[in-house]
Amino acid sequence: MTGALTLRPVGLRGPAEVDAAEVLLPLAGGPLRFGKCEAIWRAGRHTRRAVLPLAELALWAERQAPGRGGAAAEALLQRLSAPRAPLAGLSLDRPRIMGILNVTPDSFSDGGDRADPQVAVRDGLAMLAAGADILDVGGESTRPGSQPVSLAEERARVLPVVEALAKAGAVVSIDTRHAAIMAEAVAAGAAIINDVTALEGDPDSLAVAAETGVPVILMHMQGEPQTMQANPTYDSVALDIYGYLAGRLEACAAAGIDPGRVVVDPGIGFGKTLDHNLQLFEQLALFQGLGTAVLLGASRKSFIAKLAPQASEAPPGPKQRLGGSLAAALFGLQRGVQILRVHDVAETAQAAAFWRAAGAVPPPVEGAPVEDGESRADRAGGGLL
């Protein structure tokens with residue numbers, strides 16, 4: 001039977017939840033560990049699934065595809081567990097924060113806030129001070145229903161900001177779907193290309209990305225910004241997007257782009273319904289099987305408003321979605337994402353720092369002395385609040 005295997009790590013645990021007797025693998029070389037996967041064999045519209053311990057995955061896969069399934073499972077486990085390569089000089093052994101710096105009049109959340117390049121540079125430097133590792137500069141809105149802008153307009157918006165921030169020492173990514181802007185922004189100091197069309201929106205994008213040699217972020221989007229929310233449809237949203245991104249990774253490799261400098265982004269909100277977005281969140285760990293770093297961009301997006309208690313009366317506007325944005329970021333970290341693309345840098349950096357610190361606390365040692373005022377139930381995590 002022809003088909004494809006994917007593995008989704010389940011039951012992810014931090015250091016304090018690990019039993020030394022268990023056989024566990026690190027997720028992408030990070031702090032999370034897993035001992036089971038949901039094995040998914042997909043052939044056309046037929047899908048078989050089973051949640052299995054690591055030791056049983058190869059045998060199950062071999063039964064689905066004799067002669068190749070076992071090897072596919074072993075290769076996937078290797079990609080799932082291997083550490084990710086540094087991104088533009090930034091190690092990915094901890095979560096990285098990408099600050100959104102739109103220099104547009106019509107972005108869904110901050111459109112018009114930074115029409116003046118000096119204001120954009122000022123805000124970018126403030127994001128760096130607040131904890132941003134990367135600044136993502138965009139000059140064309142791709143929100144639902146947005147209209148394209150000319151290359152001349154996009155160029156005038158982004159290049160002065162990219163150049164000034166790069167000279168100030170920032171790691172800058174250029175958020176564009178146009179090959180000419182990619183090339184010019186990299187020449188001005190951008191260290192990363194971030195493309196919502198996964199380098200297929202412009203016929204020259206693959207060649208330009210290969211020639212520049214900088215890392216690239218490939219995002220999934222169903223359709224075009226003008227129409228993508230009209231009626232997004234998938235057979236299986238996570239598997240469909242996984243397959244699409246796998247194909248784009250192959251296209252990059254064929255163009256001479258090393259897989260080690262590629263990041264994937266499932267594209268929350270870009271041609272997805274609320275249900276699609278929620279399914280993607282739950283299955284984010286699946287994308288680590290591509291062997292690349294994973295970026296999550298959920299900040300202030302409209303699906304958060306749809307889940308708010310007051311949504312039926314007065315849905316919260318983009319700048320009133322901080323709580324949901326932080327929850328989405330932390331949920332993503334718990335599923336292994338390496339990069340969070342956000343508007344609210346200081347708050348997200350604080351939340352991520354707490355998540356990392358709390359998750360690194362070692363488990364209690366059996367037989368260790370109990371401190372005064374602390375019961376053994378408290379030491380075991382069973383004390384009353």
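Annotations for the structure displayed:
- Verdict on G11 being under 23 Å from G359 (Cα atoms) and either within 21 Å of the chain's Cα centre (by Cα) or among the basic types (K, R) (or both): yes
- Test result for V186, within 23 Å of the chain's Cα centre (by Cα), assigned by TED's automatic domain parsing to the domain that holds Q338, over 17 Å from G297 (Cβ atoms) and surrounded by 18 or more Cβ atoms within 10 Å (Cβ to Cβ): yes
- Taking (1) more than 13 Å from the chain's Cα centre (by Cα); (2) small (G, A, S); (3) in a loop (DSSP other than H, G, I, E, B) in turn, G336 satisfies each apart from (1).
Condition check ((1) assigned to a loop (DSSP other than H, G, I, E, B); (2) in contact with a Pro (Cβ under 7 Å, 6 or more places away or on another chain)) across all residues:
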{"site": "P9", "(1), (2)": "no, no"}
{"site": "V23", "(1), (2)": "yes, no"}
{"site": "A28", "(1), (2)": "yes, yes"}
{"site": "R42", "(1), (2)": "no, no"}
{"site": "T47", "(1), (2)": "no, no"}
{"site": "A55", "(1), (2)": "no, no"}
{"site": "L76", "(1), (2)": "no, no"}
{"site": "P83", "(1), (2)": "yes, no"}
{"site": "L92", "(1), (2)": "yes, yes"}
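- Only one entry in V196, V171 is over 13 Å from G138 (Cβ atoms) and among the β-branched types (V, I, T), namely V171.
- Any hit, region 159-177, residues being among the charged types (D, E, K, R), assigned by TED's automatic domain parsing to the domain that holds G256 and closer than 26 Å to I268 by Cα: yes
- Candidates A253, A246, A230 - the one that is surrounded by fewer than 22 Cβ atoms within 10 Å (Cβ to Cβ), free of Cβ contacts under 8 Å to residues at least 24 places away in the same chain and either in contact with a helix residue (DSSP H, G or I) (Cβ under 7 Å, 6 or more places away or on another chain) or not assigned by TED's automatic domain parsing to the domain that holds T176 (or both): A253
- Any hit, region 295-311, residues being part of a helix (DSSP H, G or I), modelled with pLDDT of 95 or more and surrounded by 15 or more Cβ atoms within 10 Å (Cβ to Cβ): no
- Any chance V262 is in contact (Cβ under 8 Å) with a residue 12 or more places away in the chain, at negative phi and in contact with a Cys (Cβ under 9 Å, 6 or more places away or on another chain): yes
- Matching option when the condition is among the acidic types (D, E) and closer than 18 Å to Q283 by Cβ, among E62, E38, E17: E38
The values are calculated or read from the model by the stated rules, or taken from the named source; none is laboratory data. Here the structure is a predicted model, which is why all the values come from computation and not from measurement. Neighbour counts are summed over all protein chains in view; Cβ atoms, including those assigned to glycine, are modelled from backbone coordinates with ideal geometry.
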